[in-house]
């Protein structure tokens, strides 16, 4: 998978960077526009959206700069017909490289890959789904395309007129104009602009966890905020990101979610056991579930991982509490999440390179009386419990995900 910075480096290595910038911006290359002072801080009203973590698909992990209208329509077709829509996946999100520049009136325009954005949004809506778009508070996006700097209200109105339902807003070149300590004020500009449109638009803050965004994300109208740098389709990167989220649990709540980045499930770099760990951990974390693979051609086993209703029910639990680590012994970790019905989701994770026994003590989870029943959410079977703890043999890099009644 190409990271955001590597896309531009690849273009540069091929001698195409100048061409990309010329085609996609009216701002000359290497020219930074005048800095506008950031506004005074105020609290942006809650938009009332995504009271459970958003579920959908994003183009970047699989397609990067190669996303186009046909691919987006194909993903909508697949999501609507393969069972993903039926279990809660809703958003079809276009990431970077759709932008062409601005017309004579300063309105953002799409490039030849996306000839008619409103028609595309109408198509996705016609499938019973919603659609998302991407921009940056800086003058350029991460791949060097047109950002929203100086045009925030204008762009928000354009997205609303096109019919978009979700905006991912990526810090990128804003760092050339603002410090990290000014991020809140800068993101507030677009938060205000989205509300002014009158259209419900999910606001996704993508600035890699800098400046403790989880502390102020809701105040700028944010519904979710990235907590880490980019993920990639490897066990090392996914597990490093996922298992580092423990200290952020207090900052998640309905409508406001910590985002450890998009799913890599099905992109081929991990085993099915590792992908089950990915899905289980993101569900315990109450993280957004944004698939990043090609939905049109995935194997049945990958579809089963992405559409496991019982695991998704953990992710979508209406209490909105993010889970946390309750025990750790070497390469074995136990995570738990309190659920709205008084039960708990408990993940027994084995980070080792060989199968191992993982034990959970009910007292660590916060269950005073010994529970008698459990359900394995991957095996889809119930079983009885006996005693103050439970041990499962878990495969290498795998998980046993349980739902426990008190």
- Note on the structure: Checked the range 60-116 for anything without any contact (Cβ under 8 Å) to a residue 60 or more places away in the chain and either assigned to a strand (DSSP E or B) or touching a strand residue (DSSP E or B) at 6+ places or on another chain (Cβ under 7 Å) (or both); matches are 72, 76, 90, 92, 94, 98, 103, 108, 109, 110
- Failed condition for residue 159, given (1) touching a helix residue (DSSP H, G or I) at 6+ places or on another chain (Cβ under 8 Å); (2) touching a residue at least 60 places away in the same chain (Cβ under 8 Å): (2)
- Query: Which number in (1) crowded, with 20+ Cβ neighbours inside 10 Å; (2) without any contact (Cβ under 8 Å) to a residue 40 or more places away in the chain; (3) not in a helix (DSSP H, G or I) marks the one condition that residue 174 misses?
  - Reply: (3)
- Being out of contact with any helix residue (DSSP H, G or I) (no Cβ under 7 Å at 6 or more places or on another chain) and crowded, with 18+ Cβ neighbours inside 10 Å narrows 240, 271, 277 down to just 277
- Message: Show me the strands (runs of 3 or more DSSP E) entirely contained within the range 353-405 in which 1 or more residues are closer than 23 Å to residue 306 by Cα and either without any contact (Cβ under 8 Å) to a residue 24 or more places away in the chain or in contact with a strand residue (DSSP E or B) (Cβ under 7 Å, 6 or more places away or on another chain) (or both).
- Response: 373-376, 381-384, 389-394, 399-404
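Taken together, the values in this text are just the output of simple stated rules run on the coordinates, not laboratory data. Just so we're clear, the structure is a prediction, and the values are computed from it rather than from any experiment. Because the Cβ atoms are built from the backbone with ideal geometry, glycine has one as well, and the counts that use them run over all protein chains shown.
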